[in-house]
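Heads up, the thing below is written out as structure tokens.
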Amino acid sequence: MDHSSQVKADPRRAVPAVDRVVEALDAAHPELPAWAVRAGVRRALAEARERLAAGGVAPEVVAQIEERARAHAADLAGPHPARVVNATGVVLHTNLGRAPLAPGAAEAAAQAAQHYSDLEFDRERGRRGDRLGRLGEKLVLLSGAEAAFAVNNNAAALLLALTALARGREVVISRGELVEIGGSFRVPDILERSGARMVEVGTTNRTHFDDYRRAIGPETAVLLKVHRSNFEQRGFVAEVDLAELAALGRERGIPVVEDLGSGTLVDFSAAGLPEHGYAPSRLRRGADLVCFSGDKLLGGPQAGIILGRRDIVESMRRDPLARALRLDKLSLAALDWTATALLEGRAEREIPVLRQLLEPAPQLERRARALADRLEKVARAAGATQTTVAVLPERAPVGGGSLPGFALDGWVVALRSSLGADALAQRLRRASVPVIGRVREDALLLDVRTLLDADMEWVETAVAQALANVSR
Ligand SMILES: *Cc1c(COP(=O)(O)O)cnc(C)c1O
């Protein structure tokens, strides 16, 4: 075979050798660690070969290898997850880590992480103790439930509930509640994995009491309700109220389980937020079991919180799956702190999610004006005379699969620059502490609701970095 024609036929041969790119990067970026440089180069070369095989233009692809390798290496060398400033106004932003922990909760987790602890140790008797006993007791005190339990996350809580209650039997659910949350959580898939058989009732938009009643048979183990966390139905719609469903369940001796998604142990309705997710009220309306996430409206760590009838909680606790889905000690420590703060009435002051949700609009406006003043000075100092800074009222959703269709009135700082909003947003994402805002038309909006203490300074730094070298 003619070797030279093979060389010509395969454009991937244009890709340089690993060592050559590594040498070049080491020289240009001595701050990057060797292991990350090598890994970044390998990845950039593999990508280049793929792009060439897909018909990429060789000189162009090759010219980008070094920069891509640098970006990969820098990304790998840094911590993950890395801190960012959430200026989106979306309090529970799934991509930005949902609820930030209160400093006290973070400190409790750090203590549990750094030291030995009495995680499963009875100090009084000097023998094995209960991992979740104290947390369970606090959750019971907060909710009035008969019993409580917690696992790794809410998806795990639902999987465990369905496994313990309905494996090999039937679960009745409305077609309007077969929800998907962020692609990786779909109610029908969780149901299938639990070993239960799904019995769908009603239609997408309307489900009636009789639909549930007729679906109940000797194999029915659970009547399941799932909160529509991330969408709303309007128009010609009907669903069966929890209280009605609970009455049906009681009459037929079938447990009613509700996946609340985002639940709270504080009733926010007096402060103007919908009371839907207030878990104790769902129990009072007759649910036998409710489950919800720890890191949504509760404002704690990732966890799946389970409240309900003692016998059901007990059967979940005893299920072999419970061990596989258990809460780790760091989350347990943070959740225990959160429960204590709620019991002591400190939660609304100390839990960032609650503080942000309840912050009054006039105070947000004052903070937005203060930020705008600082950013105007930054723009002037950078000589970016065509950059304008305005303060506007704006609404933002709560996010995190909480309170769909509900938006909070807030205030934003709107930045307009000759760079254009998208380029400005990208520069802010590349700042030493990245700032994530929202682009709307030609403006980049920075919402002050989700700025935590000390974030203001990072916003200033990021804007200064972004506007450096913008002449006009
Ligand atoms: C968010 C959500 C889940 C998943 O909870 P995780 O804690 O993320 O596992 C499940 N069900 C509903 C209705 C949700 O909103």
(message) Explain nothing, just compute: Karplus ³J(HN,Hα) = 6.51 cos²θ - 1.76 cosθ + 1.60, θ = phi - 60°, for every residue of region 357-367 in order, whole Hz, x for Gly and Pro.
(response) 5, 9, 5, x, 4, x, 5, 4, 4, 4, 5
(request) Return one number: the angle in degrees, 0 to 90 and rounded to the nearest 10, between the long axis of the Cα atoms of helix 58-77 and the longest principal axis of the Cα atoms of the chain. (result) 50
(request) Working from Cα positions, state the angle (0 to 90°, nearest 10) between the long axis of helix 133-143 and the longest principal axis of the chain. (result) 80
(request) Just round it to a whole percent: the fraction of Cα-Cα distances in region 240-286 exceeding 11 Å. (result) 68
(request) Would you kindly calculate the translational diffusion coefficient of region 48-174, applying Stokes-Einstein with the Kirkwood radius from alpha carbon pairs, for 25 °C and a viscosity of 0.890 mPa s, and quote it in µm² s⁻¹ without decimals? (result) 117
(request) Among DSSP beta bridges lying fully in region 186-320, give the percent that are antiparallel, nearest 5. (result) 30
(request) Among Ser184, Ser269, rank each residue by its count of other Cβ atoms within 10 Å, from fewest to most, as a rough exposure measure. (result) Ser184, Ser269
(request) Compare the peptides 287-298, 324-335 by average per-residue count of other Cβ atoms within 10 angstrom and give them in order, highest first. (result) 287-298, 324-335
(request) Sort Leu119, Leu92, Leu283, Leu45 so the one with the fewest other Cβ atoms within 10 Å of its own Cβ comes first. (result) Leu119, Leu45, Leu283, Leu92
(request) Find the relative contact order for the chain and round it to a whole percent, using C-alpha pairs within less than 8 Å whose residues are 6+ positions apart. (result) 18
(request) Give the Rg (one decimal place) followed by the Dmax (whole number) of the chain, computed from C-alpha coordinates and expressed in Å. (result) 26.8, 83
(request) Find the centroid of the Cα atoms in region 64-119 and in region 214-230, then give the distance between the two in whole Å. (result) 37
(message) Antiparallel versus total DSSP beta bridges in the chain: what percent is that, nearest 5?
(response) 60
(request) Enumerate the calculated ³J(HN,Hα) couplings along region 386-394 in order (Karplus 6.51 cos²θ - 1.76 cosθ + 1.60, θ = phi - 60°), each rounded to whole Hz, writing x wherever the residue is Gly or Pro. (result) 8, 8, 10, 10, 10, 10, 9, x, 7
(message) Skipping prolines and chain starts, which residues have an amide H placed within reach, meaning under 5 Å, of the one on Leu297, given they are 5 or more residues away or on another chain?
(response) Gly263
(message) Give me the base-10 log of I(q)/I(0) for region 375-472 at each q in 0.15, 0.17, 0.22 Å⁻¹, Debye formula, one uniform scatterer per Cα, rounded to two decimals.
(response) -0.58, -0.74, -1.16
(request) For region 423-429, just list the computed ³J(HN,Hα) in residue order, Karplus coefficients 6.51, -1.76 and 1.60, θ = phi - 60°, integers in Hz, with x standing in for Gly and Pro. (result) 5, 5, 4, 5, 4, 5, 5
(request) May I ask for the Kirkwood hydrodynamic radius of region 353-405, worked out over all distinct Cα pairs and given in angstroms to one decimal? (result) 13.3
(message) Please list, by residue number, every one of the trypsin sites (Lys or Arg not before Pro) in region 378-456 that is coil in DSSP and has at most 16 other beta-carbon atoms within 10 Å.
(response) Arg430
(request) Among Val187, Val222, Val433, Val439, rank each residue by its count of other Cβ atoms within 10 Å, from fewest to most, as a rough exposure measure. (result) Val439, Val433, Val187, Val222
(message) With angles folded into 0 to 90 degrees, how steeply does helix 329-343 sit against the dominant principal axis of the chain? Use alpha carbons for both and round to 10.
(response) 60
(request) Would you please give the FRET efficiency between Glu275 and Glu457, computed as 1/(1 + (r/R0)^6) with r the Cβ-Cβ distance and R0 = 35 Å, to the nearest 0.05? (result) 0.40
(message) Under the rule of at least 5 residues apart or a separate chain, name every residue whose amide H is placed under 5 Å from the amide H of Glu239.
(response) Thr207
(message) Please compute one quarter of the surface area of the Cα convex hull for region 45-96 and express it in square nanometres.
(response) 5.4
(message) Per DSSP helix of 4 or more residues, -39500 (n - 2.57); summed, then divided by the residues of the chain. What does that give at 222 nm, rounded to the nearest 500?
(response) -13000 deg cm²/dmol
(request) Identify the residues of region 143-170 with backbone N under 11 Å of a label point that sits 7 angstrom from the Cα of Arg128 along the Cα-to-Cβ direction, or state none. (result) none
(request) Determine, for the chain, the count of lysine pairs separated by eight or more sequence positions (or lying on different chains) whose alpha-carbon distance falls under 30 Å. (result) 5
(message) Going by Cα centres, region 148-181 and region 256-310 are how many Å apart?
(response) 15
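None of the figures in this text is laboratory data; all of them are computed from the coordinates on show. The model shown is predicted, which means the values in this text are computed figures rather than measured ones. When we count neighbours, we look across all protein chains shown, and the Cβ atoms used for this are built from the backbone with ideal geometry, even at glycine.
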